[in-house]
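What follows is a set of notes on a single structure, which appears directly below.
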Amino acid sequence: MKLTTSPRRWTALTGAGIAAALALTGCSSTPEAEEAPAATAITVETNDGDVEVPVAPVRVAVLDSTAFETLLAFGIEPVVAPKPLLPSTGFEAWADDADVLDAGSHREPDLEAVSEAAPDLIIGGYRFEDYTEDLSKIATTIDIAPGDESEGGYVEGLKAQTLTLGKIFDKEEEAEKLVADLEKSAAAAAESTNGESVFLASTSVGRVDNAAGRLSRILEPLDLKDVFAVESGELDEGSHHTDQGLAPETVAQKNPDWVIVFDRDAATSDEEFTPAQEIFESQAAWAQTTFATNDQVVYLEPNFYITEGIQAYTRAFDQISTAFTA
């Protein structure tokens, strides 16, 4: 038998349904039941101005080496990264994963690999600063890397970078902890220094160079005097990249109280190399210097030159405070 519904019956049913729907709508619209939708994008301050970025992006291209360790700590696995720049230890999860494409180095970048990875967000800048425009054609690109031009200096730039990454990846508590750790270490290092003279050095291919252009940042919160300050113009600020070497006698004439040195080869060389400590201890010209006779040389961790991030600076300040209070 065919069932039919009269127009009057349909109207009544429809009216009842609408009334029920309105009743449910009324219940769900109470303030107690309302939940603000989660933000899908936020605006962050970058070195190129304000940029809108996705919140908690899933597919991330990580090119800025100063952000490597922070993002690793946040549990971020990039879809593409510059594998030649990854530290030799600690980043095996990125380096050995075939699903993490290789963006090459800043000297020979593979932008096609970045495009192939289809990132939602590209964290560029620092060594990849010159490629920001090209990267922006692939996906939203931000340069939040610390620099000498950062407000308050490089160390303050590290703090700003870390807090911004915390906002983007919903890791604000973790970011604040990293900043607090840096501030504590820097304060302890500052307290341990008292106007001593220091030679900021780098070693590579068996030679010693002036590294004031790179390491002067570490002096920002400290009470130390750089014997080869960049401002003096006495030495090339980029000499840590030239491998030209600095005459040991030149250093001996300055007779610094302390030396702080990073080993470039330890961070970048795949072949056998002469460690910084061996190079320093073999310099006969330094036998009577203050830093040599008092064993006042701070050898920064091997990965410092590569990462230069907030954790690297925190550990460097820890090394300095320990050495200067020994």
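Taken over segment 98-146, the criterion of being assigned to a loop (DSSP other than H, G, I, E, B), within 22 Å of T70 (Cβ to Cβ) and out of contact with any Gly (no Cβ under 6 Å at 6 or more places or on another chain) is satisfied by D99, V100, A103, S105, H106, A117, P119, D120, G124, G125, A139, I144.
When A326, A287 are screened for being surrounded by fewer than 19 Cβ atoms within 10 Å (Cβ to Cβ) and at pLDDT below 95, only A326 passes.
Annotation: of all residues in segment 48-95 being assigned to a strand (DSSP E or B) and touching a residue at least 60 places away in the same chain (Cβ under 8 Å), the one that is surrounded by the fewest Cβ atoms within 10 Å (Cβ to Cβ) is E52.
What about R264, is it under 21 Å from P146 (Cα atoms), surrounded by 18 or more Cβ atoms within 10 Å (Cβ to Cβ), among the basic types (K, R) and modelled with pLDDT of 95 or more? The answer is no for R264. For segment 98-105, indicate whether the set of residues that are under 16 Å from the mean Cα position of the chain (by Cα), without any contact (Cβ under 8 Å) to a residue 40 or more places away in the chain and buried (at least 19 other Cβ atoms within 10 Å of the Cβ) is non-empty. Taking every residue of segment 98-105 in turn, none turns out to be under 16 Å from the mean Cα position of the chain (by Cα), without any contact (Cβ under 8 Å) to a residue 40 or more places away in the chain and buried (at least 19 other Cβ atoms within 10 Å of the Cβ). Within the bounds of segment 240-252, is there any residue that is of a type in the set (S, T, N, Q), modelled with pLDDT under 95, outside the structural domain of T89 (by TED's automatic domain parsing) and under 22 Å from the mean Cα position of the chain (by Cα)? No, segment 240-252 contains no residue that is of a type in the set (S, T, N, Q), modelled with pLDDT under 95, outside the structural domain of T89 (by TED's automatic domain parsing) and under 22 Å from the mean Cα position of the chain (by Cα). Taken over segment 247-275, residues that are closer than 25 Å to T193 by Cβ and either in contact with a Ser or Thr (Cβ under 6 Å, 6 or more places away or on another chain) or hydroxyl-bearing (S, T, Y) (or both) amount to 8. Tallying residues that are surrounded by 16 or more Cβ atoms within 10 Å (Cβ to Cβ), touching a helix residue (DSSP H, G or I) at 6+ places or on another chain (Cβ under 8 Å) and closer than 16 Å to D48 by Cα within segment 143-163 yields 7.
The residue pairs whose first member lies in segment 274-290 and is outside any loop (DSSP other than H, G, I, E, B), whose second member is of a type in the set (S, T, Y), and whose beta carbons are closer than 8 Å, counting only pairs six or more residues apart or on different chains, are A276/T203; A276/Y299; Q277/Y299; I279/T203; F280/T203.
For the residues L158, L121, L86, the requirement of being hydrophobic (A, V, I, L, M, F, W, C) and modelled with pLDDT under 95 singles out L86. A count restricted to segment 56-114 and to residues that are more than 16 Å from Q161 (Cβ to Cβ) and among the hydroxyl-bearing types (S, T, Y) stands at 3.
The values are calculated or read from the model by the stated rules, or taken from the named source; none is laboratory data. Computed from a prediction, not measured in an experiment: that's the story for all the values here. Positions of Cβ are backbone-derived with ideal geometry, glycine not excepted, and every protein chain shown enters the neighbour counts.
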